[in-house]
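Just so it is clear, none of the values below were taken in a lab; they were calculated from the coordinates. Worth saying up front: this structure is predicted, and the values here are computed from it rather than measured. Positions of Cβ are generated from backbone atoms using ideal geometry, with glycine treated the same way; all protein chains shown enter the neighbour counts.
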Amino acid sequence: MSEAGAAEPASGAAGFAPLVGVRIVDFSTNMAGPYATMILAQLGADVVKVEAPAGDDARHWPPELDGASVVHRHMNAGKRGVVLDLGAAAGRQAALALAERSDVLLQSMRPGVADRIGMGEVAVRAVNPDILYYALNAFGAGPLGSGLPGYDPLVQAATGIMRMNGHEGAPPVRCAPSVIDLGTGQWIAMGVLACLLARQRGEPVRNMETALVDTAFSLVAYQATTARMTGQRPKRAGSGNPIASPYEVYAARDGDLMLAAPNQRLWERVANALGAPRLVEDPRFRTVADRSRNNGALAAEIVALLAGEDVDVWVGRFRAAGVPVTPVAGLEQAVRADITAERRTFAELDGVPHVRLPWIADGQAVTLARPAPRLGEHTTEVLRELGYGEAAISAMLRDGTAVTPADRVAAQ
């Protein structure tokens, strides 16, 4: 592995930094790529994020706290940040010098752009034959996909996901969380880990590619297989699932609850808790398949019964009967629920309560250990590590090829 210079490991759990000694140079922007390298930074990798002088677009996404985007703070925690103008020869030279000393390079430029500016795989491999060159794109680098722009909702729309969400007769609906971007980041992180393991075993991988469209289809894998075989579009299930019923959100007297009874045993418990054991013998609802086929009629029966009591009453009855159920919370309620304290979901970092990564290692939560860098915060530090002298660094700062926070303040 490459030497990571003076950078401290960014792991949030003491002793859990398996990627210490691995350097990753990150040319990705927005969300998917930065999320991947943030995960790797929390595992101890020295991630050096390279930005253009204008900075990553995500720096300006609302909401902001003290002038810094909350999204950007989260997606880039644990990294070091440098600013290099890749449009200038000196900027590209410095970027290649950084790649020369790295184990992994991640870039999310449109297919062909990296080659045009001298940061494609051929140019990078000329200075570092052993690097893992990882390309992230939207629809791939082929003749069809290379010209298509890619943002999370565009991919959701193109892959059928939007027409699976919501209720029949309503407009298409995107998944509110950026599931394509975040899922892609997770795939990239897993891909990098797999390649590093392969290298240790003497089976090095030279390049990897992940497209947002790949992630989208992986999320609807079994529905996609069915649609390909039958030519039929999945029915929109609202809050439910077409393979089981009752298995959705139902309205009680003062709010909503989510009921999940996907098998016969749980269905019988639901009927008894509702005080309506007659429903078990109703021929429309006798089996799982019957209930799924007649889901609309079953929902009407359940809602009519639930209307007599408040959510808390029904939740108590269902839980006492061993039925999986929960009130439907708003996010503002969920983030203050007792379970977040029990799971240590939030950790303060730079004055912001960040959601930790979904790992507890030896009983200790892996939290975000270092704030996202200010734009160009580590430019001088990294250039010195690459062997640049003070005169050369000063020249790059003067002509704008490299930028530090002090330069930005002076420019304002």
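Data overview
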quantity	calculated
Along the chain, longest interval not containing exposed GluC sites (Glu not before Pro), exposed being DSSP loop plus at most 11 other Cβ atoms within 10 Å	169-412
Values of log10 I(q)/I(0), in the order q = 0.12 Å⁻¹, for the chain under a Debye, Cα-only, solvent-free model	-1.03
Amide proton proximity set for Leu349, modelled H, under 5 Å, gap of 5+	His354
Nearest-ten-degree value, helix 311-320 long axis tilted from longest Cα axis of the chain	80
Exposure rule at most 16 other beta-carbon atoms within 10 Å, DSSP loop trypsin sites (Lys or Arg not before Pro): the chain longest free segment	1-162
Helix-derived mean residue ellipticity, 222 nm - over the chain, DSSP H n ≥ 4, -39500 (n - 2.57), to 500	-11000 deg cm²/dmol
Net charge of neighbours whose Cβ lies under 11 Å from the Cβ of Arg269, counting Lys and Arg as +1 and Asp and Glu as -1	+2
Gaussian network model of the chain, Cα within-10 Å springs - most flexible of Gly183, Gly81, Gly351	Gly351
Helix axis angle, 264-273 relative to the chain longest principal axis, alpha carbon, degrees	60
Prolate/oblate/rounded label for the range 278-412 (Cα gyration tensor, a/c 1.5)	prolate
Residues with amide H under 5 Å from that of Asn165, placed H, sequence gap 5 or more	Val173
Taking only Cα atoms of the range 144-199, radius of gyration then Dmax in Å	15.1, 52
Intensity falloff of the range 40-176 expressed as log10 I(q)/I(0), Debye formula with alpha-carbon point scatterers, at q = 0.11, 0.18 Å⁻¹	-0.55, -1.19
Magnitude of the charge dipole, the chain, Cβ model with Lys/Arg +1 and Asp/Glu -1, debye to 20	1080
Sequence of Val122, Val70 once ranked by neighbouring C-beta atoms within 10 Å, starting from the fewest	Val122, Val70
Folded to 0 to 90 degrees: helix 179-200 orientation relative to the chain principal axis, Cα	60
Rg/Rh for the range 95-199, where both radii come from Cα atoms and Rh is the Kirkwood radius	1.09
